[in-house]
C-alpha cells in the first residue's frame, strides 16, 4: 500500500512539472539601445554595507589631464571606478608608492579610506566613477596628505 502511495505521489509530481508553464524571456520593445559606459575587472573583494539605511547611487565621469590629481579625500560610501582610457595612480595611506591602473581595469575603494588619484601619464585619463553613499551627505570630504612626511 505504501509503495502505491509513493508511486502515485511521484507520478503526480511529474505531471505537475510537465504541465507547468515555461517562463520565457521577453524581448525589448521599441527602439532600445544599451551601451556599456565602462567595463573593468578587479580582484579586490567588494562589500557594501548600508545597515538598512537609505542610500544614493551617483555615477560620474572623471577626466584627468596629465599631471592632474584629485587631492587627498574620502567618501562616506563605497567608490568603484573603471578606467576607460589612459591610466591613473591610486595612493592610499597603506600604499604611498601608489598603484597604477590602466584602461579596462576597475578600482574599488571602501568608504572612509583617504586616497588620492593622479594622472602621471602624458595623455588624458577618462574614468567612470560610481558611488554608493548615504542619502543627503556630502560626496567628498577633503583629507590631509596621508603620505606626507
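Any read-out appearing in this document is the output of simple, stated calculations on the displayed coordinates, not a laboratory observation. All figures in this text were calculated on a predicted structure; none of them were measured in a lab. Heads up, the Cβs are rebuilt from the backbone with ideal geometry, glycines too, and the neighbour counts pull from every protein chain shown.
By the beta-carbon count within 10 Å of each Cβ, the least crowded to most crowded order of 47, 120, 100, 29, fewest first, is 29, 47, 100, 120. The modelled label-to-label distance between residue 50 and residue 102, using points 7 Å beyond Cα along the C-beta direction, is 3.7 nm. Shape call for segment 69-149 from the C-alpha gyration tensor, a ≥ b ≥ c root eigenvalues: rounded (a/c under 1.5), prolate (a/b greater than b/c) or oblate? The shape class here is oblate.
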